[in-house]
1. With every protein chain left in place and a probe of 1.4 Å, what is the accessible surface of residue 2, to the nearest 10 Å²?
2. Determine ³J(HN,Hα), in whole Hz, for all residues of segment 236-246 in sequence, where each value follows from phi through the Karplus function 6.51 cos²θ - 1.76 cosθ + 1.60 and θ = phi - 60°; x replaces Gly and Pro.
3. For residue 227, what residues show an amide H to amide H distance below 5 Å, using hydrogens built from the backbone and excluding near sequence neighbours?
4. Which net charge results for the neighbourhood of residue 23, defined as the other residues with beta-carbon distances under 13 angstrom from its beta-carbon, given Lys and Arg at +1 and Asp and Glu at -1?
5. Could you tell me how many degrees, from 0 to 90 and to the nearest 10, lie between the Cα long axis of helix 146-201 and the main elongation axis, the longest principal axis, of the Cα atoms of the chain?
6. Counting each DSSP H run of 4 or more residues in the chain as -39500 (n - 2.57), what helix-only mean residue ellipticity at 222 nm follows after dividing by all residues, to the nearest 500 deg cm²/dmol?
7. Can you list the lysines whose alpha carbon sits under 25 Å from that of residue 77, skipping same-chain ones fewer than 8 residues off?
8. By how many degrees, 0 to 90 and rounded to 10, does the Cα axis of helix 43-98 deviate from the longest principal axis of the chain?
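The values are calculated or read from the model by the stated rules, or taken from the named source; none is laboratory data. Since the model is a prediction, treat every value here as computed from it, not as a measurement. Note that each Cβ is placed from the backbone with ideal geometry, even for glycine, and that neighbours are counted across all protein chains shown. What goes into the accessible areas is simple: the full protein's heavy atoms, side chains included, and nothing from ligands, DNA or RNA. Shrake-Rupley method; radii C 1.70, N 1.55, O 1.52, S 1.80 Å.
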Amino acid sequence: MLDLQKIIDGLFRDASITHERLYNFSIDNIQKMTNNNPGGIYDDNITNTQTAADNLQTAMSKTTGDTGTRMGGTTAKDAQRTAIENYLALQILNAAVVFGGKTTANYIETYPNGMNSFYGVNKETFATNVEALITKAIKFESTLGTPFKTAITAMYTAYSTADDNQVNASADVSTDITNESAAATVLADQLTDNVFDIARNNRRSTTALTTFFTLSLLEPQHRKQIKKGNPGKHSETEVCTIEYSAGKRTHIHNTGATKLTFGMKLGGLKVGATITLLPDEKANEPFSFYFTNGDSLYVVNDEDVPGMYQLDIVA
């Protein structure tokens with residue numbers, strides 16, 4: 001049954017379509033509308049799609065950049081925390097000496113839980129415990145020494161700055177993701193409008209779909225379709241229908257005992273170049289080798305015996 005709600009919701013609002021693939025699909029659609037625009041009937045579609053695509057590209061770039069900043073901020077924060085932990089692991093030994101032992105009141109006041117106050121605790125507890133230690137470094141400065149107070153204060157300031165930067169970057173990324181999603185929705189809706197306008201201007205056309213759209217661009221890359229066949233003697237048969245993309249490749253192996261010729265059709269008519277393979281010969285050519293567009297592949301066997309082949313389509 002026809003799902004009209006899908007049309008109302010938008011043809012391209014699909015969670016399986018990544019924003020990058022949606023963008024690439026839209027750029028291809030813009031080029032195809034530009035090349036097939038009699039009387040400028042698609043001028044508005046081209047302009048609106050380009051604007052929406054540019055906005056999505058900008059949003060994706062900002063998300064990528066801010067994500068890198070967040071990752072860098074996390075690394076910097078972790079490095080600063082490690083530096084503090086390593087520094088305190090050495091200084092706690094000195095505190096035990098200058099306070100006269102780990103059981104003295106001043107030592108326990110300064111390091112109530114030893115290094116367990118800093119190792120393996122969440123960042124909130126870590127910050128609280130370092131701040132408490134700085135307070136004690138100030139209180140016992142004459143015993144622990146001014147260099148200790150100065151060093152731990154400076155290291156904690158660096159840690160806090162890195163933590164703030166990482167938090168801010170995380171907030172930026174969150175906003176970026178929201179903005180990118182909104183830009184993708186606008187582009188998806190515009191592409192749906194393009195489908196409707198193209199359908200209205202090309203009613204019952206058998207070539208409009210491949211003329212204006214490359215559906216394979218919405219799919220994950222590096223997919224392989226494997227087609228095997230046994231064309232009868234003196235026959236011409238269809239290998240498969242295709243969604244044309246110039247960069248897709250045909251890996252063909254003639255596995256039989258007779259010569260075979262492979263080619264492309266558009267709207268049921270043979271177009272462009274062909275490949276002829278003798279038994280056990282192979283070929284590896286892109287779709288663009290055959291023609292600039294097409295919707296199916298065919299094989300011809302002119303010999304007196306049946307043939308065999310395997311044809312892989314690699315995106």
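1. Accessible area, nearest 10 Å²: 130 Å².
2. Computed from phi, the couplings for segment 236-246 are 10, 10, 7, 7, 5, 7, 9, 10, 5, 8, 3 Hz.
3. Under 5 Å from the amide H of residue 227: 311, 312, 313.
4. Values: positive: 21; negative: 20, 28, 54, 180.
My count for the surroundings of residue 23 gives -3.
5. For helix 146-201, the angle is close to 20 degrees.
6. -18500 deg cm²/dmol
7. Those lysines meeting the cut-off are 62, 123, 136, 149.
8. The helix 43-98 is inclined about 30 degrees to the chain.
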